[in-house]
Amino acid sequence: MTATTVAQQGTPPTSPPPKPKSDPIDRILDVGIYIALGVLVIVFSIASPYFLTVGNLLNIGQAVAQTGILAAGVTIALIAGQLDISFGSVIAVTAVLVAVLTGAGLPAAVAVLGAVVAGLLVGILNGVLIVNLNISSIISTLAVGTAVTGAAYLLANGQVIPLPDPAAFSWVNVRVFGLPVPMLIAIAVYVAGWVLLAKTKLGAHIYAVGGNSSAALRAGIPVKRIYYTVLVISSSLAVLAGVIVLGRTGAGDPSYGAADMFTVLGAVLLSGIGLGGGTGSVQRTFVGVLIIGVLANGLVLLGVQSYYQQLVNGAVLVLAVVMEAIRRKRRSR
Amino acid sequence: MKHISGLSSALAISATVLLMAGCATASNDSAEPAAAAGEGRYTQQDVTDATGIHDVTSVFSVPKQLPDDLNLAYINPSLATSFFKAMSDGYKAAADFYGVDLHEADLGNFNFADAVNKYDTLAVFEPEVVGILTPSGAGLVDRTRADGVKLLASGIPIEGADGFIGTPERETGMLAGTVLADGVAPLLEDEWAGRELVFVGLGQAAIPTTMERVESGLEGFEAAGIQPASAEFPDLGKSATVADGTRIMADFLTAHPDQVLAVVAMNDQAGVGALQAVQAAGRQDDVRIVTIGADEVGRSAFKNDDGIIVGEVDLNPWGAGWRWVEAAIALSMDEEFVIPAPDRVITRDNVAELYPED
Amino acid sequence: MTIDRVPTGAPLLSVQGISKSFGHIQALTDVSFDIAPGEVLALLGDNGAGKSTLIKILSGLYANDTGEIRMRGIPQRFHSPADAKAAGIATVYQDLALVDTRDVAANLFLGREYTKGPFIDVKRNVAESRRVLEGLKLGHLPASGVAVGVMSGGQRQAVAVARTVVSGAELIIMDEPTAALGVSESAKVMDLAHELRDSGCAVIIISHNLQQVWDFADRFAVLHLGRLAGIRRRSETTVEEIVQLIVYGAGEA
């Protein structure tokens, strides 16, 4: 055995190895969504004189607020490695519960508090299935979401329940300094989400848990508590979105939220977050949300038939998934 | 012809041109019919000529001279549903004919939560009147009122809206019930004699107008002198698609293995779905169905229905779209419009004659 | 390189008569050894010799059935990895337990970040990371901005080792640190072990590749079928003797 040769090779490195850098294709993948958003804005601005007007841009802001708030919650949970798809059901149950409770004569604030409690329970129930029973998050939240949607239908007796006093929620439709309230709420959510993820210890732990849960556990990070935290954040944001929908439509309908699955997951996937956990940011999700919102708005302005709209939306999603596949393939080399 | 906007207008216009190819009058051949038409109002004859096989009964006599920038918007609940697609074609054709702008948005698959957002998008065109079919329109009432835009509810009344146009549910349902009674009466004398008859109304519990429609079906059925042993109203759920009809009916058949069923379906989709369930269960001899709508899905079902569909109350979806435009113009002028009850029933015998293009 | 350096003073870790069985399988029988500060001990043995079990006991994952573990003379009872860590024992597993999507600073201070209230003190974490890296002659590694997932196997191993320094460990256990590495990277990891030793830590390297650890360890502890077949100081043994111990145990050596 000639062990000495090893020793000779084991001299300290004379020059540091080059700092690992992301290569051009990775960078294109990273900035791709910004380019896509820019191209869409330019194309729609040229194609429709209405697109690049203050009124229309505020409409987009208003329309994406709901998707955006939901997508922020999904992003935070997904960074921790949990795909929460129960948000639609929380919207339904929030809208119905508030409509039913105010209909029974309770003050709007108490009714909303009831919805907040319901949202927390959904988050906790998701946590019990995922954390304590060790069931995958997509299955857990699908199951909980289905049950909660059922509960919303039951509560509403299958009916659309008009708010007895829509004025109590008319603040949703108010504009502050010309800016729609839901848009301001969404902006606040994104700023808070950015601070949480990028600046706080909790945020760092969310990334760590999503990136490598067993490493996080061995480093003394309370992994289970983090899972519960992100799931409750996600469901709480869905309650917030539900209140906005309620204020916008003036009625509680158990079918609300069912159609948000595509737009929300589309926006989140567009951000390039991937489903593995440990990466992503609310800023990038925000861009994904804007892309979906700009597309929906622009295609209506152009009078494009909705079949084509679905086609375009689907194509965007396929693009997002393909980009993610390329990304993953490159990472695993 | 005044353009709607963008890409869809090209499609809509070409479709309209095809539809109008057989028209006798030349009044809509010019590029700007409203401007070129001179004084007076369009008559029922003009509309009959212009709508050809769609045979629209006008709800409002539209002036030939309209404000240049009269602008309408319609938020369609689901262009993927043939009834609402036909309606879309109808209002686009009417907008072209009367020379008004019309912009359209689609809620996808009945995503009513998005209605206000879609309204906001269309609001940049500053429409005078906006139309929508939704069971939850309260928020939209506030929004349109704030903008000074008139809200013309379509199909489902909205409390606080400026107007409503739709089929009178009670009369529609009664007619359906009568047609159904006519269809099953001979059977009760013969194959169905001595068997337990169940009346089935397929509606959406969440949308009261659809329930009124099918409940009136029972009323009409009984008014024709037939007493079912029981009447049941299973809920189709949120969207009332063919799949919903199949699902609900399949279970219903399982739960009623020995009974014979007389079914009023709130729309063609539910009726055709129920038909498929009946055929799959081999219960062709036990069920008769009447549907309401007579859209493409309903009409084509006659080709292979084993004689189960006894008739379809013709809501003339294309015509409903056309008439929404007439009503919207009336509303913009603060004038009245009259909603006629449906009186036409499509059967396997007359479908080819009444809808030769199918 | 001071390869014949002899540790002095009281043992850092003292293991006395440790046994462990899983059902009917006796994984470890009466294992005893000491390790002093500033010493590198190679723990050798074939697959199934009991290396993993011993390491898991020392790092608090398993409880020993009999015997005693002392750190600096104080008897220890480990109920969890946290207990072992608190006693100053850190283990670098083969999976490295790194969060690949995060940078070096985030990994070094994982779970023990410097904070200002609820906020991360990023500057301080990065500065401290630089200090730790430079102390281990790893100054060439970027402390921030580059995810460790894109680094080479050796660099990642280095980050995992550096983290044990941050944790204030006195005894660092490296589980097959070179298993997935090439020759040159393996050598760098061994150099790192020496840096740790020179800073006063004790290091246990688990390996089944004698060739890789031969030049770097002060002593060799060989396990055979759950028993300690022998402990040899490098200056007093030969490769052949160690191989004998690994293959045949104490009986034939």
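The values are calculated or read from the model by the stated rules, or taken from the named source; none is laboratory data. Since the structure is predicted, the reported quantities are computational estimates derived from the model, not experimental observations. Using ideal geometry, Cβ is built from the backbone for each residue, glycine included, and neighbour counts are taken over all protein chains shown.
Quick notes
- Search result, residues across region B:248-267 that are in contact (Cβ under 8 Å) with a residue 60 or more places away in the chain and closer than 19 Å to B:PHE221 by Cβ: B:GLN259, B:VAL260, B:LEU261, B:ALA262, B:VAL263, B:VAL264, B:ALA265, B:MET266, B:ASN267
- Test: residue in region B:311-330 that is more than 19 Å from B:MET87 (Cβ to Cβ) and crowded, with 22+ Cβ neighbours inside 10 Å: yes
- The one condition in (1) at the interface with chain B (Cβ under 10 Å from one of its Cβ atoms); (2) part of a helix (DSSP H, G or I); (3) surrounded by fewer than 24 Cβ atoms within 10 Å (Cβ to Cβ) that A:VAL304 fails to fulfil: (2)
- Test: A:GLY250 is buried (at least 19 other Cβ atoms within 10 Å of the Cβ), facing chain B (nearest Cβ under 8 Å) and in contact (Cβ under 8 Å) with a residue 60 or more places away in the chain: yes
- Conditions (1) more than 23 Å from the chain's Cα centre (by Cα); (2) assigned to a helix (DSSP H, G or I); (3) surrounded by fewer than 17 Cβ atoms within 10 Å (Cβ to Cβ): number failed by B:VAL278: (3)
- Qualifying residue in region C:117-126 (condition: in contact (Cβ under 8 Å) with a residue 24 or more places away in the chain and either more than 21 Å from C:MET190 (Cα to Cα) or within 12 Å of chain A (Cβ to nearest Cβ) (or both)): no
Rundown of residues vs (1) surrounded by 21 or more Cβ atoms within 10 Å (Cβ to Cβ); (2) outside any loop (DSSP other than H, G, I, E, B), yes/no style:
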residue: C:GLU134; (1), (2): no, yes
residue: C:HIS140; (1), (2): no, no
residue: C:GLY145; (1), (2): no, no
residue: C:ALA179; (1), (2): no, no
residue: C:VAL189; (1), (2): yes, yes
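- Of the strands (runs of 3 or more DSSP E) lying entirely inside region C:194-253, none contains at least 3 residues that are within 14 Å of chain A (Cβ to nearest Cβ).
- Yes/no for B:LEU66 being surrounded by 21 or more Cβ atoms within 10 Å (Cβ to Cβ), aliphatic (A, V, I, L, M) and either more than 9 Å from chain A (Cβ to nearest Cβ) or touching a Ser or Thr at 6+ places or on another chain (Cβ under 9 Å) (or both): no
- Residue, farthest from the chain's Cα centre (by Cα), within region B:37-52, restricted to residues that are at negative phi and surrounded by 14 or more Cβ atoms within 10 Å (Cβ to Cβ): B:ALA37
- Residues in region B:146-156 that are surrounded by fewer than 16 Cβ atoms within 10 Å (Cβ to Cβ) and away from chain A (no Cβ under 11 Å): B:GLY148 alone.
- Selection of region C:147-164 for residues being surrounded by fewer than 20 Cβ atoms within 10 Å (Cβ to Cβ) and in a helix (DSSP H, G or I) yields C:GLY149, C:VAL150, C:GLY153.
- Options A:ILE226, A:ILE221: the member that is assigned to a helix (DSSP H, G or I) and not small (Gly, Ala, Ser): A:ILE226
- Residue satisfying all of: in region C:75-109; of a type in the set (Phe, Trp, Tyr) and within 12 Å of chain A (Cβ to nearest Cβ); nearest to C:SER144 (Cα to Cα) among these: C:PHE109
- Cross-chain or 6+ apart pairs with Cβ under 6 Å, region A:140-160 first and more than 21 Å from A:GLY123 (Cβ to Cβ), then surrounded by fewer than 22 Cβ atoms within 10 Å (Cβ to Cβ) and acidic (Asp, Glu): A:GLY158/B:ASP235
- Counted residues, region A:265-303 - those being in contact with a Ser or Thr (Cβ under 6 Å, 6 or more places away or on another chain), in contact (Cβ under 8 Å) with a residue 60 or more places away in the chain and more than 26 Å from A:ASP26 (Cβ to Cβ): 3
- Scanning region C:127-144 for residues that are within 22 Å of A:THR279 (Cα to Cα), small (Gly, Ala, Ser) and either facing chain A (nearest Cβ under 9 Å) or in contact with a Lys or Arg (Cβ under 6 Å, 6 or more places away or on another chain) (or both) yields one hit, C:ALA143.
- Flag if B:ALA115 is within 9 Å of another protein chain (Cβ to nearest Cβ), at pLDDT 90 or above and crowded, with 22+ Cβ neighbours inside 10 Å: yes
- Among the conditions (1) within 16 Å of the chain's Cα centre (by Cα); (2) within 7 Å of another protein chain (Cβ to nearest Cβ); (3) aliphatic (A, V, I, L, M), C:VAL183 misses just one, which is (1).
- A:THR200 vs. criteria closer than 29 Å to A:GLY61 by Cβ, of a type in the set (S, T, N, Q) and out of contact with any Phe, Trp or Tyr (no Cβ under 7 Å at 6 or more places or on another chain): no
- Residues located in region C:50-86, provided they are part of a loop (DSSP other than H, G, I, E, B), in contact with a Lys or Arg (Cβ under 9 Å, 6 or more places away or on another chain) and more than 22 Å from C:ALA158 (Cβ to Cβ): C:GLY50, C:GLY60, C:TYR62, C:ALA63, C:ASN64, C:ASP65
- Residues that are at pLDDT below 95, more than 9 Å from every other protein chain (Cβ to nearest Cβ) and farther than 15 Å from A:LEU179 by Cβ, drawn from region A:47-74: A:PRO49, A:LEU52, A:THR67
- Any chance A:VAL172 is crowded, with 22+ Cβ neighbours inside 10 Å and either in contact (Cβ under 8 Å) with a residue 40 or more places away in the chain or facing another protein chain (nearest Cβ under 9 Å) (or both): yes
- Restricting region B:82-112 to residues that are touching a residue at least 24 places away in the same chain (Cβ under 8 Å) and part of a loop (DSSP other than H, G, I, E, B), the residue that is farthest from the other protein chains (Cβ to nearest Cβ): B:GLY99
- Residue in region C:81-91 that is touching an Asp or Glu at 6+ places or on another chain (Cβ under 9 Å) and without any contact (Cβ under 8 Å) to a residue 12 or more places away in the chain present: no
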